[in-house]
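The values are calculated or read from the model by the stated rules, or taken from the named source; none is laboratory data. All values derive from a computational prediction rather than experimental measurement. As a convention, Cβ positions derive from the backbone with ideal geometry for all residues, glycine included, and neighbour counts pool all protein chains shown. Areas reflect the complete protein model, heavy atoms only, side chains present, ligands, DNA and RNA absent. Shrake-Rupley method; radii C 1.70, N 1.55, O 1.52, S 1.80 Å.
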Amino acid sequence: MSLIQIRGLKKQYGGKYVLQGINMSIDAGQVVGYIGPNGAGKSTTIKIIAGITDEFEGDVSVFGMDVRKNALDIKQRIGYIPEQAALYDVLTPIEYLRFIGKLYGLADEVIGTKSWELLRLFELADKAGNRMNTYSKGMKQKVLLISGMMHNPEIIFLDEPLSGLDANAVILVKEILFQLKQSGKTIFYSSHIMDVVEKISDRIVIIDKGTVIADGSFESLQTQAHKGTLENIFTSLTGGDQQNSSTAKEFIDVLKN
Amino acid sequence: MDKLILRILLRFIRIFIKKDVDFERLKIIAETKVLMDRRRTPSNFKQKQRKEMKNPLLFTLIMYSFIGLFVAAIILNGIPLPVSMIIVHSYLLFMMAMTLVTDFSSVLLDTTDNQIILPKPVNSRTLFLARVVHILVYLLQFTIALMICPVAATFLQYGLLTGTVTLITLPFTVAFAVFLTYLLYALILRFANEQKIKDIISYFQIFMTVFFAAGFQIFPRMIDLKAISFQFKLHWYSYLLEPVWMSVTTEAFHDLNFNSVHLIMIACAFVVPVLLIFFMIRFLAPSFSKKLGALNNSSEADKGSFTAVTKQKKDLAERFSSMACGTQTERVGFEKTWKVTARDKNFKIQFYPSLAYLLVLVFVFVFKNPQSFIETWNGLSSTKSFLAFVYLPIFSISACLSIVPFNDNFTAAWIYQSAPITDPGQVISGMLKALLIKFFIPVYVIFFGFALYIWGVPVADDFIFGFFNNILIFLLMANFSDHYFPFSQQPNIKMQTGKFVRMIIQLVIVGILIGAHYAALFISWLPAALIPFSAAGCYFLQRRIQRLPWLKISI
């Protein structure tokens, strides 16, 4: 029995289908990298699986439960880390984590110790008393990561988790994802940073214009597309290969005028 | 106060709680939202405080209760009860609606909830109730702040029963204000997109700021109302006005007079707001949040498909800059200033009130005698008050000098340093020209037109002389202050901190110029003869700014 089961998932905004029939099943302990060009429907898919959007066609189940009917039970057992630092930034991280922790029904003492410990590990402890509107994007992203994982979820969904982080933090998050995988968590994430996806994913799903165009391990994608790196595979599959080089040439030509 | 209200409300709710509501989660959501309300900088006082205040909300509330004093003074003045009650309820309705309009997105309909709370295991009833609690806390504390003085005055003036009835009617007026706000937003949403809404909100904020600035000048003058006799008559349209219902209801209990008119009004007062709120929750709100949600999504979906705008026509900024500026560098400063001042919300919020404050200044300077507006008006043409019209514009317009260097996007100013600019002063002179042409000249022309109407052609030479003097003053101020590129500084940090001596010198020079003009009035040909000198001064100062070297410019 797979952990996440998606059958014929379609979603429309104003008459236009942004997801056009997605099928996927994900087993426990997998790390799935979900990539695609902007507007391909990555965030929308993640929002539907995490039980945030319930207007869609098709069937989606998590832990064998229907996301439409058991959204609350599912939300309790998963962590969702959204794109673009969406948090209440007039709060301090301690206050914010207390807020989130209580929404997950954690006890006060657990929240207290966990947030301090986790902030310390992310080197934010000395700024823990400052309001987050003074934080950089990377610092907010760290708080967001903590807030999505402090209730120790079984599945973690991350939407562009590395955006805005500095080089060290990227390595740290990569390592955290790796360790999470070791401890048996299931991770589903989207990213633009191809070499990270290449290194830590068991399975890579490429989506374009609302449909899955490739699905498999990095090695199998390599043999499929006869290309070296994930970046090459990605551009050849999404049809950007030829176009990118001709656009670049034109760019140079215009500069010369 | 907010925490106290919250605690009472929560205790109350706990009794009536249903099985499917999670009290702990409700409590933490409501607490967090109340805490955030405290920290949100109120937009209407933004320009006054640069530093982060510990509790800006409390400051706002104290301000509100202070204004309430004026309303209380009107009640204690002994004007007829219906009239004073209409004033009280209109005031509450107006203030509440204005506050709600500006805080709408954080109080009545918070779309960030969808991103932050929706992914968490919170059921919709709990979230809904938490929102209701939060809104109630918000409304209650504002109602208390606004009404504490007027209600106290009512108790004092009219006794226990009337005071109590007033107290009871207040929540209905607040409910009505909530409905009005919702309706306004629903209308705006029907015809406009989200960006428009943000613009409209910022205009409301500007309006609020002006209202406060003007209110403090005008309200105290209005307290002396005894002279004007108030006649209160019911017209057919009175049945449509919410404050009238409330006022007549109060009157009915005060006089213990329950005829048919009073009974109809009482029914309106207590039934209509409840019906409207019911209608709002049932029909308006759901379609509303759906629409807002759709707005967020559609902006996402439409990203790729905007139409290419082919630009051939020169816009206004380009046309003016080609007329007013000599070099390309100067045009850069001109066009950037022209366009950003039109689009940057923070600039507008800080500057437009001072523009509007001009009217208040006219009111204060020209119509300073409290006795009679009409008398002053009739006697106006025999005074020399037109000098006020000549020189007031520059006082409010020069405020832009201290605002224009600052912008949230200040880092974009790297371009000045990386581009090969040899005459940085040209950028600044372009900026000054843009400010003058955009803000000073239109205002001055209007004032000139007004003065021509009152005083006739003889003031024309004064206005021409004054025109150059105004520009001279403006350029003097620009010369005296630190030189910054437009929109190149981080707000809050370097805001012109009182260079006192410099300010005094500046004031003295301005005083001398205006004094000279006043003295010159006694010799009829003199103002006209002085025009060339003033114009030459402008030219010289302008050249000076254009030639500013890099060294003199603070980056």
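Any idea of the accessible area per residue across the protein assembly as shown, 1.4 Å probe, to the nearest Å²? Display every interim value, and only then the final one.
Working: 39580 Å² over 812 residues.
On a per-residue basis, the protein assembly as shown sits at 49 Å².
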Distant-in-sequence amide H partners of A:Ile156 (H built 1.01 Å from N, under 5 Å): A:Gly79, A:Thr186, A:Ile187, A:Phe188
In whole Hz, the Karplus estimates of ³J(HN,Hα) for the stretch B:77-89 (6.51, -1.76, 1.60; θ = phi - 60°; x where Gly or Pro) are 6, x, 6, x, 3, x, 5, 5, 5, 4, 4, 4, 6
What does the convex hull of the Cα atoms come to per residue for the stretch A:4-216, in Å³? 120 Å³
As a test of reading the structure, rank B:Tyr352, B:Tyr239, A:Tyr34 by solvent-accessible area (1.4 Å probe, protein chains only), most first. B:Tyr239, B:Tyr352, A:Tyr34
For the stretch B:94-121, state which residues have at least 40 Å² less accessible area in the presence of all protein chains than in their chain by itself, taking the probe as 1.4 Å and leaving out ligands, DNA and RNA. B:Gln115, B:Ile116, B:Leu118, B:Pro119, B:Lys120, B:Pro121
³J(HN,Hα) across the stretch A:242-248 via Karplus (A = 6.51, B = -1.76, C = 1.60, θ = phi - 60°), whole Hz, x for Gly/Pro? 4, 4, 4, 6, 6, 5, 4
Please list 3J(HN,Hα) in residue order for the stretch A:58-73, calculated via the Karplus relation 6.51 cos²θ - 1.76 cosθ + 1.60 where θ = phi - 60°; whole Hz, with x for glycine and proline. x, 10, 10, 10, 10, 6, x, 10, 6, 5, 6, 8, 10, 3, 5, 4
Overall Cα dimensions of the stretch A:129-174, principal axis frame, Å, largest first: 32, 24, 16
One quarter of the convex hull surface, Cα atoms only: what value does that give for the stretch A:1-82 in nm²? 5.5 nm²
For the charge dipole of the stretch A:1-155, defined by +1 on Lys and Arg C-beta atoms and -1 on Asp and Glu C-beta atoms about the Cα centroid, which residue among A:Ile6, A:Tyr17, A:Gly64 has the Cα displaced farthest towards the positive pole? A:Tyr17
Given H placed 1.01 Å from N in the peptide plane, which residues other than close sequence neighbours of B:His483 have an amide H under 5 Å from its amide H? B:Ser554
Can you find, among B:Gly430, B:Val34, B:Asn409, the residue sitting farthest towards the positive end of the charge dipole of the protein assembly as shown, where Lys and Arg contribute +1 and Asp and Glu -1 at Cβ? B:Gly430
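What whole-number volume per residue, in cubic angstrom, does the convex hull of the C-alpha atoms of the stretch B:97-145 give?
Values: hull volume 3.3 nm³, N = 49.
Enclosed volume per residue, from the Cα hull, is 68 Å³.
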Would you tell me the accessible area of A:Asp202, worked out with a 1.4 angstrom probe on the heavy atoms of the protein chains, in Å² to the nearest 10? 60 Å²
Roughly how many Å is it from the Cα centre of the stretch B:1-21 to that of the stretch A:206-239, as a whole number? 55 Å
The FRET efficiency for B:Arg547 and B:Leu526, from their Cβ-Cβ distance with R0 = 30 Å and rounded to 0.05, is 0.40
Write down, largest first, the equivalent ellipsoid semi-axes of the stretch B:321-552 in whole Å, where each equals the square root of 5 times an eigenvalue of the alpha-carbon gyration tensor. 33, 20, 16
Ignoring ligands, DNA and RNA, the residues of the stretch A:91-114 whose accessible area with a 1.4 Å probe is reduced by 20 Å² or more relative to the chain alone are A:Leu91, A:Glu95, A:Arg98, A:Phe99, A:Ile100, A:Lys102, A:Leu103, A:Tyr104
Report, by chain and number, residues whose modeled amide H sits under 5 Å from the one on A:Leu19, excluding near sequence neighbours (fewer than 5 apart, same chain). A:Lys11
Compute for the protein assembly as shown: radius of gyration divided by Kirkwood radius, i.e. Rg/Rh, restricted to C-alpha atoms, rounded to two decimals. 1.02
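Beyond a 29 Å Cα-Cα separation, which of these cross-linked pairs lie in this structure: A:Lys114/A:Lys185; A:Lys47/B:Lys348; A:Lys185/B:Lys27; A:Lys127/B:Lys18? Kindly include the intermediate steps, with their values, before the conclusion.
Numbers: A:Lys114/A:Lys185 19 Å; A:Lys47/B:Lys348 38 Å; A:Lys185/B:Lys27 31 Å; A:Lys127/B:Lys18 40 Å.
In this structure, A:Lys47/B:Lys348; A:Lys185/B:Lys27; A:Lys127/B:Lys18 lie more than 29 Å apart at Cα.
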Percent antiparallel among DSSP beta bridges (both partners in the protein assembly as shown, rounded to 5): 50 percent
Counting each DSSP H run of 4 or more residues in chain A as -39500 (n - 2.57), what helix-only mean residue ellipticity at 222 nm follows after dividing by all residues, to the nearest 500 deg cm²/dmol? -13000 deg cm²/dmol
